[in-house]
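Here's the structure, in structure tokens; my notes come after.
The values are calculated or read from the model by the stated rules, or taken from the named source; none is laboratory data. The structure presented is a predicted model; accordingly, all values stated were derived computationally and were not measured. Neighbour counts run over all protein chains shown; Cβ positions are idealised from the backbone, glycine included. Protein only, heavy atoms only, side chains kept; ligands, DNA and RNA dropped before computing areas. Shrake-Rupley method; radii C 1.70, N 1.55, O 1.52, S 1.80 Å.
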Amino acid sequence: MHPWLIRNKMRLFRSIIQLCVFLIVFGVLFDLAFAAIIVPFIQPTGAPYTTVAGAYDILLTSLAFGIFPLLAIGIILLTAVFLGRTPCAWACPFGFVEDLLSYIRPKKHVKPITRQNDNSLRQIRLYILIATILISTIIGIRRLQRSSTGIVGAFGPFANNSFAPIDPAATLFSFLPHFFANILFFLPPSYEKLYQLGGWPVLLWIRVAVLVIIVLVSVYVPRAWCRYFCPLGGILGYCGKYGLLTLKRNPIRCPKGECDDCMKVCPMGVRLLDTGAGEELEKVRDDNCILCLECVNACKHDALSLSFI
Ligand code: SF4
Ligand code: SF4
């Protein structure tokens, strides 16, 4: 087998699974029916052709209508406990788009992030999580009190999902397809239409700018959005870190300091050799580990393995 194929076989295998999931998620294109399944990854509910609904969108929309999002919370927490961030590596369509960049990114373009910057940047998704949940909860409470006109007016089309303006997946999979469908097939291209479609021009431009910035940054920092910004990835990571499915490192097979092949291939910048607490089999407990298994494939000493419990 060609050395490139041996080195990248896990990445290729994962890409095939991601592509299959992508086709199922947007399966209405191929006559699949909308299944009303809530999935534990970012998937905008307004996306054309989607067969499923993202748990985080459902969570925020329920809160914004004053409904306790029991089902969405349950799905997110159960996923975190049993699967950790596995959906991020193997199923999320936006994660797939970010991963596709790895095939065209020259190695020298990957920018190493210092541990201090990495730790600080991880806080951003926590702020996004708190802000979006808080805004939706306040809107929901106002709606229950029947005094929501002012706040709903202030948030305009995003009152029902405060995450959408900064969610690159919603822009890529929902807003842009709707926009181009209107421009190309139904309406003459004009700034007025752009205005009407967005309903809120400044936020519309912010949405497109966020998507472009995220894609550009992801060329230099693999999975930049998933590492530092995605609130759902954050919840799955914080809870999944202590969940049942983990990566284990055998310190006898892997004496630290001899190589760092695993860290070089990790798309999430996890410092595998810095985790663990000196146990016989050290658990890799890092909230950015998405269990993509690329490190397992890269380890020449067979020191890494997936373990349940
Ligand atoms: S962290 Fe990335 S892969 Fe995981 S749900 Fe968010 S966008 Fe998807
Ligand atoms: S530590 Fe290994 S399994 Fe986890 S994200 Fe990095 S390469 Fe993937």
Could you pull out the pairs from Lys256/Lys283; Lys107/Lys283; Lys9/Lys107 whose alpha carbons sit more than 20 Å apart here? Lys107/Lys283
At what distance in angstrom do the alpha carbon centres of the stretch 258-276 and the stretch 68-85 lie from each other? 27 Å
Work out, step by step, the length gained on full extension between His301 and Trp205: first 0.36 nm times the residue separation, then minus their alpha carbon distance; give nm to one decimal. 29.6 nm
Starting with the highest mean, order 110-119, 11-20, 224-233 by the number of other Cβ atoms within 10 Å, averaged over the residues of each peptide. 224-233, 11-20, 110-119
Under 17 Å between alpha carbons, and skipping anything fewer than 8 positions from Lys300 in its own chain: which aspartates and glutamates qualify? Glu258, Asp260, Asp261
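Please state the shape class of the stretch 213-294: rounded when a/c is under 1.5, otherwise prolate if a/b exceeds b/c and oblate if not, all from the C-alpha gyration tensor.
Working: a/c = 3.09, a/b = 1.48, b/c = 2.10.
Oblate, since a/c reaches 1.5 and b/c is not below a/b.
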Between the modelled labels at Leu244 and Arg271 (7 Å from Cα along Cα→Cβ) the distance in nm is 3.2 nm
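What value, in deg cm²/dmol to 500, does the helix sum -39500 (n - 2.57) over DSSP H runs of n ≥ 4 give at 222 nm once divided by the residues of the chain? Walk me through the numbers on the way to the answer.
Numbers: 15 runs with 159 residues, N = 309.
Only helices count here, giving -15500 deg cm²/dmol.
Per residue, how much accessible surface does the stretch 1-55 expose to a 1.4 Å probe? Answer in Å², no decimals. Walk me through the numbers before you get to the answer.
Values: 3070 Å² over 55 residues.
Accessible surface, normalised per residue, equals 56 Å².
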Mind putting a number on the dipole of the chain about its Cα centre? Charges go on the C-beta only, +1 for Lys and Arg and -1 for Asp and Glu, and I need it in Debye to the nearest 20. 420 debye
Give the cysteines in the chain for which no other Cys Cβ lies under 4.7 Å away, or write none if there are none. Cys20, Cys88, Cys92, Cys226, Cys230, Cys239, Cys254, Cys259, Cys266, Cys289, Cys292, Cys299
Which of Pro87, Phe30, Leu126, positive extreme of dipole for the chain (C-beta unit charges): Leu126
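Where both partners of a DSSP beta bridge lie in the chain, what percent of those bridges are antiparallel, to the nearest 5?
Values: 8 of 11 bridges.
Around 75 percent of the beta bridges assigned by DSSP in the chain are antiparallel ones.
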Hydropathy at least -1.0 by Kyte-Doolittle, axial extent at least 20 angstrom from the Cα trace: which helices of the chain, defined as entire DSSP H runs, fit? 3-25, 123-144, 201-220
In the full protein assembly as shown, how much of Trp90 is accessible to a 1.4 Å probe, in Å² to the nearest 10? 40 Å²
Label the stretch 1-128 by shape, choosing from rounded, prolate and oblate, from the square roots a ≥ b ≥ c of the eigenvalues of the Cα gyration tensor; if a/c is under 1.5 it is rounded, and otherwise prolate applies when a/b is larger than b/c, oblate when it is not. oblate
Taking only Cα atoms of the stretch 3-237, what ratio of Rg to Rh do you get with Rh as the Kirkwood inverse-distance radius? 0.97
